[in-house]
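The values are calculated or read from the model by the stated rules, or taken from the named source; none is laboratory data. Keep in mind the model is a prediction, meaning the values are calculated, not measured. Here the Cβ is made from the backbone with ideal geometry for all residues, glycine too, and neighbour counts use every protein chain on show. Protein only, heavy atoms only, side chains kept; ligands, DNA and RNA dropped before computing areas. Shrake-Rupley method; radii C 1.70, N 1.55, O 1.52, S 1.80 Å.
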Amino acid sequence: SAERAMDDLRAVASQPRSLGTPAHEATIETIQARLTGMGVESEVVEGVAARTDFNQVFAGRLRNVIALVPGTDSTGAVALFSHFDSVPTSLNANDGGLGVATVLEAVRAVQAGPPLANDLVLWFGYADETTAMDAPLLQAHRWFDSVRVGFAFEATGVNGPSVLTFAGQGNPDVAPPDLAIGENEGLSLSNQQLSPDNGRWLREALDAVPHPVVALPLNDVAIGASPDLGMSMWGTDVAGISFSQIGDSS
């Protein structure tokens, strides 16, 4: 229900939610209340994280929300991801808020149907707008151990369809890049994160999505410019698929 999802969007994205603001706590409380209303267990994951990015060091004490919908006979979990923070100068209902609303409505749809066989892990991350620092906190959580594939939802634009922008098979031997302005600013298609297996996720999406829109050039951009926890799961064997609304984005 798009109308029901809009209620969630208004609840979590009616004010700026940048790192360290009071709106951060309010948004966490809102997300957990919505999950509790659906009978879903959640908890707050807190920790200090730091990452180098573009010749700077970003660090902070982060508070994220993780939740679990147990399966009936799980052999590996599926994860859904969105961040909920925004840049300080914008309400950014789209960037962060839209993904949160998408994940919450997806959970409602799952709860309305027959029980899933596999566990469903939900991650509402913080500090995505501060160079995606929270991936290590997720990877250290006990529920992450069983995750085999993750779907991330993003919206850097304000209209248009949801576009498949990244599909990565996962590689436990690859470390996140330290980005720097200059000759190393971007990473090319020779990046180790890409492999012939990546095409599997694209083929699965084309089979499952009724009206698919795919932006394959963004696959390279996503790897080079935003090693987001939901996209590539850097340093793990978890595959990542990312969807984003990109219309009218800068």
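Relative contact order for the stretch 22-109: what is it in percent, counting Cα pairs under 8 Å that are at least 6 residues apart?
23 percent
For the stretch 54-170, what is the accessible area per residue in Å², given a 1.4 Å probe and the full set of protein chains?
38 Å²
Rank these residues by their accessible area, most exposed first, probe 1.4 Å: D119, D85.
Heavy-atom accessible area, descending, gives D119, D85.
Report the paramagnetic label zone for A140: residues of the stretch 17-32 whose backbone N is under 19 Å from a point 7 Å from Cα along the Cα-to-Cβ axis.
Residues 20 qualify, since their backbone N sits under 19 Å from the label point.
Please report, as a whole percent, how much of the solvent-accessible surface of the stretch 86-135 comes from carbon and sulfur atoms (probe radius 1.4 Å).
Here carbon and sulfur together make up 63 percent of the probe-accessible area.
Per the 1.4 Å probe, what fraction of the accessible area of the stretch 1-71, in percent, lies on carbon and sulfur atoms?
Accessible surface attributable to carbon and sulfur in the stretch 1-71 totals 52 percent.
Compute the distance in nm between two label points, each set 7 Å from the Cα along the Cα-to-Cβ direction, one at T72 and one at L206.
3.3 nm
Note down the Stokes-Einstein diffusion coefficient of the stretch 1-87 in µm²/s, whole number, using a Kirkwood radius over alpha carbon pairs, 25 °C, and 0.890 mPa s.
Translational D for this selection: 163 µm²/s.
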